[in-house]
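These notes are about the structure you will find just below.
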Amino acid sequence: MNFNITVLDGDGIGPEICSGAIKVLNAVGKKYAHSFNFTHKLIGGCAIDACGVPLPEDTVKACLASDSVLLGAVGGYKWDNLPVDIRPEKGLLGIRKAMGLYSNIRPAKLWKSLASASPLKYEIVKGGVEIIIVRELTGGIYFGERGKGIDGNNGEYAWDTEKYSVKEIQRITKIACDIAAKRTKKIISVDKANVLESSRLWRKTVHAYAEKYYPEITVEDMLVDNAAMQIVKNPAQFDVVVTSNIFGDILSDEAAQVTGSIGMLASSSLGDGTRGLYEPIHGSAPDIAGKDVANPIATILAAAMMLRDSFNLADEYTAIENAVASVLDSGYRTADIMQDNCKKIKGSEMAELIAQLI
Ligand code: NAD
């Protein structure tokens, strides 16, 4: 099959890690007889330098015309002092909006051969951990009404509002159920229904939707404070977690930390169609850019998620995952995940080894 992929390399280590992912995708294409066509476009700081804006119109057009989008990372010291409206991150928010992406899916996987990188005790993580957090991305308190003022009695004050509609909750529930249907058929819905009205609607809606459209899926509820505790106490109990924007923001960083290695974690943002935006969870790492030490695995796994979730190529996804596991089991490590008795290699060598194993 033929697939058109827009590649947004971005800044810092972005071009290095995207080039690693492209190498692996080309190996997959060769083995499974697919043709991946890559079109590179600008986003973030490099777009500001070239066009004066973090998200040129031409980039948006290319993304909307392609089958899916692979993103490296944006940002860097050079653009840190620009006005908020033309900061590199604006490009990210802009492309998510333009592509109608309302969910963020972050699998936090602890690979068995990297168990000692976890800050948790070995007994807690020895069985492996894989928590997939499905976070609502365009609603809730980050987008609700807000304000500030001065009150005669109490002085300065500020407020934000958490608001969710049934429609917003249903569509994110659908994404979580679709993922769970291919896995353990269980989702944990995280809320704060003992206090928040919006959480009570969240809980009611998740259950009603899942029961009606996905009867094979079991939905369990967990309060967010308990979820934060359980992720470090017994992370293996989680598989797919669905939650609101703010709770997902916090819990996905906590779950990522359990794995101990930021260079290994991928994420995707999806909307109604099959086209998605796939990227590593880490940033542009300007401190190591251009040194060929950046770990490309997060971006390679993001590309693998694209194959499975946008192109429905499950075997090809598994081939990449197995190749990554095999390279790690053979003791190869980039600097960020280096362990005793392992062989330290460059970022480009890591991508090459994974591509060879496909
Ligand atoms: P960062 O994730 O870029 O780096 C944090 C630390 O992790 C650094 O020490 C870095 O060297 C290391 N690191 C990150 N990715 C790595 C990899 N693949 N291999 C090896 N080591 C890796 O976060 P930061 O330093 O807070 O931010 C740097 C820039 O990235 C900022 O401009 C920030 O705004 C931007 N940022 C962008 C995104 C994105 O594009 N989605 C996300 C987060 C931060």
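Rounded to the nearest whole Hz, the Karplus-based 3J(HN,Hα) values (6.51 cos²θ - 1.76 cosθ + 1.60, θ = phi - 60°) of region 192-201 follow the sequence 9, 5, 6, 10, 9, 4, 4, 6, 5, 5, with x at glycine and proline. Assuming a ≥ b ≥ c are the square roots of the Cα gyration tensor eigenvalues, decide whether region 281-358 counts as rounded (a/c under 1.5), prolate (otherwise, with a/b larger than b/c) or oblate. Oblate, because a/c is 1.5 or more while a/b does not exceed b/c. Here the peptides 154-161, 258-265, 276-283, 96-103 are ranked by packing, the mean other Cβ count within 10 Å, and the order with the highest first is 276-283, 258-265, 96-103, 154-161.
How would you order 170-178, 298-306 from highest to lowest mean count of nearby Cβ atoms within 10 Å?
Details: 170-178: 21.6, 298-306: 26.4.
Order by mean packing, descending: 298-306, 170-178.
Taking the DSSP beta bridges with both ends in the chain, the antiparallel portion is around 40 percent. Taking amide H positions as modeled 1.01 Å from N, with prolines and chain starts lacking one, the residues under 5 Å from residue 133 and 5 or more places away or on another chain are 106, 108, 241.
Straight-line reach from residue 163: taking Cα to Cα under 30 Å and skipping same-chain neighbours fewer than 8 places apart, the lysines in range are 90, 97, 148, 174, 185, 186, 192, 204, 212. When the chain is described by a simple charge dipole with +1 on each Lys and Arg Cβ and -1 on each Asp and Glu Cβ, the residue from 283, 36, 18 located farthest towards its positive end is 36.
Summed over the residues of the chain and divided among them, the accessible surface reaches 45 Å² per residue at a probe radius of 1.4 Å.
Looking at the chain, what % of the alpha carbon pairs are farther apart than 37 Å?
Working: 12022 of 63903 pairs.
Across the chain, Cα pairs with separations above 37 Å total 19 percent.
Each residue of region 265-274 is assigned a 3J(HN,Hα), and the resulting list reads 10, 9, 8, 9, 10, 10, x, 6, x, 8 Hz, derived from the Karplus form 6.51 cos²θ - 1.76 cosθ + 1.60 (θ = phi - 60°), x at Gly and Pro. Region 238-256 and region 282-358 have Cα centres lying 23 Å from one another.
Which order, highest average first, do 10-22, 220-232 follow once you tally other Cβ atoms within 10 Å for each residue and take the mean per peptide? Please list the in-between numbers first.
On the way: 10-22: 26.8, 220-232: 16.3.
My ranking of the peptides, most packed first, is 10-22, 220-232.
Rounded to the nearest 20 Debye, what is the dipole magnitude of the chain about its Cα centre when Lys and Arg each give +1 and Asp and Glu each give -1 at the C-beta?
Details: 39 positive and 44 negative charges, 140 e Å.
Using Cβ point charges on Lys, Arg, Asp and Glu, the chain gives about 680 debye.
Shape analysis of region 118-266 places it in the oblate category; the axes a ≥ b ≥ c from the Cα gyration tensor give an a/c of at least 1.5, with a/b not above b/c. Evaluated with a Cβ-only charge set (Lys, Arg +1; Asp, Glu -1), region 119-258 carries a dipole of roughly 480 debye about its Cα centre, given to the nearest 20. For region 119-258, carbon and sulfur atoms together expose 54% of the accessible surface, with a 1.4 angstrom probe and every protein chain in place. Proximity of backbone amide H atoms, modeled 1.01 Å from N, is registered between residue 40 and 7 at under 5 Å, excluding neighbours fewer than 5 places apart on the same chain. Annotation: amide H of residue 218 within the under-5 Å range of 186, 187, sequence separation 5 or more or interchain, hydrogens built in the peptide plane. Couplings 3J(HN,Hα) for region 181-188, derived from phi with the Karplus relation 6.51 cos²θ - 1.76 cosθ + 1.60 (θ = phi - 60°), are 4, 8, 10, 7, 6, 9, 10, 10 Hz, where x marks Gly and Pro.
Percent of C-alpha pairs per 10 Å bin in region 5-129, short distances first: 12, 32, 29, 21, 7, 0.
The values are calculated or read from the model by the stated rules, or taken from the named source; none is laboratory data. Everything numeric in this text was worked out from a predicted model, so none of it was measured. No Cβ is skipped: glycine too gets one built from the backbone with ideal geometry, and neighbour counts run over all protein chains shown. When the accessible area is computed, the model is the full protein with side chains, heavy atoms only, and any ligands, DNA or RNA have been set aside. Shrake-Rupley method; radii C 1.70, N 1.55, O 1.52, S 1.80 Å.
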